Each structure stands twice: as C-alpha cells, then as structure tokens.
Ligand SMILES: Nc1nc(=O)c2c([nH]1)NC[C@@H]1CN(c3ccc(C(=O)N[C@@H](CCC(=O)O)C(=O)O)cc3)CN21
Ligand SMILES: O=c1ccn([C@H]2C[C@H](O)[C@@H](COP(=O)(O)O)O2)c(=O)[nH]1
C-alpha cells in the first residue's frame, strides 16, 4: 500500500472525526452555482514522506501527475503567472482577461533580489546555495509577499519551501497555509516531492525527506461523499520517480523527462467540483 495513501486516508479520517465545521460562519469560497463552500478542518497537520523509500503519490485514484509536474515547472522553472503558459486549465477560474493570476506564485519566484554575490531570484538563490553553501540554514523560498497580496487573485497556499542539507541528503519542509485535501493534497505532495528530486539532482545531492506542514487541512462539504468513497478503495504499491539521467541543470528539465515507473492506480472519481 502506498504510504501516501495511508497518510491521506488517516488525515481524512482525523478531519472527519475530530475536525471543526465552519457552517455557522460567513466564508469566502463559492461553488459554481454560488452556494457558499463550507469545510470541516483540522489545524496543524504535519506529514513526513521519505523519498528514499517511495514516491508519494495516491494510488486510490488516478492522479494526473503530468499536469501536476507541468504546473510545478510553470511556477518554479518558467516563473510564469500566465495561464497561457500552462498546459492544463486548473487556474482558469482565477485568471484575468489576459490570462494573468496576478503577482502570485511564478511571478514572485522570478523577482530578483540583491545579495553580496549579485542579483538572484529566489529559485536561483536556492540552487546557488545548495551548490556553494550546502551547510547553510538560510536556504528557503517565500512567496507570501504581503506588499503584493492586493495584486494576487488567490493568495499563495503552498507558500514556502525550506531546503536543508544533511551530509549528502537534501531534505525540505513545505509550508502550506491552506489545503483542499481532496482536490490538491496529492497534487501538491507530488509536485514538491518531484521538486526535491530535481533540486537534489541539479546540486549533486540525494533526495531525502519532504515534511509537509499544513496549517488548515480541510475537506469541502460537497467532497465528503467522494472522500468516503475513496476510503473504501484498494491501494497499490507506490511507483518509482525517474528523471532523465542526462539532466543536470534545473532549466533543462521537461515534463517528458520525468516519469513515474509502475504507477498502478484505481480509476479517477470523475470531475471533482472545485470551490472558487
Ligand atoms: N478550492 C480550491 N482548491 C484547490 O485545490 C485550488 C484552488 N481552489 N485554487 C487554485 C488551485 C487550482 N488547483 C487545482 C484545481 C483543479 C485541479 C483538478 O481539477 N485536478 C483534477 C485533474 C485535472 C486535470 O487532469 O487537468 C484531478 O482529478 O485531480 C487540481 C488543482 C489547486 N488550487
Ligand atoms: O496549491 C494549492 C492551491 C490552492 N489550494 C486550496 C486551498 C483552499 O481550499 C483554496 C484557497 O482558498 P483560501 O480561502 O485562500 O485558503 O485553494 C490548495 O489546496 N493547494
């Protein structure tokens, strides 16, 4: 059984059994028909994935990992905030008439900052430090930029990655303020696990642990029956992540260069309604 399935199902059981509903409150998100999208949530969920053991992807439903990798590269490699640079349509509801999602995600990672060694954006600074200062305890990105929040159509959810090298092993902490468990938990874990593999390869390191810290882990009201359906499903062994052996430079990585070998999984559960 994939460890990622076990962790996801345990998180969901905990949320449904011990979580707190916001049904008595005004909430921002809406369903497509305009109905308020309420949630049941648990505060402070922390999950650890050991990337040396297995690649953390759910197998209880088919995850479109190619689309997840594509979104990861859209943000971290292309540093784009325009949906026209994205292969899927998952961000369409948050884009303006020009396709922009505002000063969010890729935009923030592309902003250059001054350091003693010169100007770098956040991604290039991490890659520089992993090569030149692997012992540093200051290797992190943060896209929750308060002065620009007014210009973001959705505030960043997965907003910070802390990279830390122990020996020859690259570990990381993903900080996420808000997690739609059904729609995006596996999606986000798959993306950031792949990012640790990519950064490890491009820095001459081995991928180690990914620690995922979620402040508000929630299940939307209309997702509860779908989650209950997933709880009854069979789980399969996890696949293996393979990266094109020729790749050494992060900017040469492509979705086709990333593969999940032996990804066995149950079918999808149809189109998941996403709260906007
Ligand atoms: N309420 C909400 N939940 C989210 O997860 C979310 C947002 N809003 N807003 C911004 C982004 C968009 N994200 C999304 C949105 C949709 C899918 C989705 O529909 N996934 C499908 C497959 C998509 C495809 O194949 O192209 C799935 O079955 O996982 C995934 C992530 C994550 N984010
Ligand atoms: O990568 C992502 C992006 C978004 N989400 C979810 C988490 C929430 O359900 C919504 C955002 O709504 P807020 O009111 O701003 O928290 O999107 C996600 O899980 N992962």
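Key figures
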item: For the chain: relative contact order, % (alpha-carbon pairs under 8 angstrom, 6 or more apart); result: 27
item: Distance-filtered residues of region 47-64 - backbone nitrogen under 16 Å, label point 7 angstrom along residue 88 Cα→Cβ; result: 56-64
item: Segment residue 248-residue 114, extension gain: residue separation times 0.36 nm, minus the distance between their alpha carbons; result: 45.7 nm
item: Proxy reagent accessibility, fewest Cβ within 10 Å first, across 93, 2; result: 93, 2
item: Calculated on alpha-carbon atoms, Rg and Dmax of region 142-219 in Å; result: 13.8, 41
item: Contour minus Cα-Cα distance for residue 144 and residue 50 (0.36 nm per residue); result: 31.2 nm
item: Residue 216-residue 96 FRET efficiency (beta carbon distance; Förster radius 30 Å; 0.05 resolution); result: 0.70
item: Cα centroid of region 164-211 to Cα centroid of region 6-43, whole Å; result: 25
item: Calculated log₁₀ intensity ratio I(q)/I(0) where the Debye formula runs over C-alpha points of region 3-261, q = 0.09 Å⁻¹; result: -0.41
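Readers should treat all values here as calculations from the given coordinates under stated rules, not as data from a laboratory. Quantities reported herein were computed from a predicted structural model and do not represent experimental measurements. Note that each Cβ is placed from the backbone with ideal geometry, even for glycine, and that neighbours are counted across all protein chains shown.
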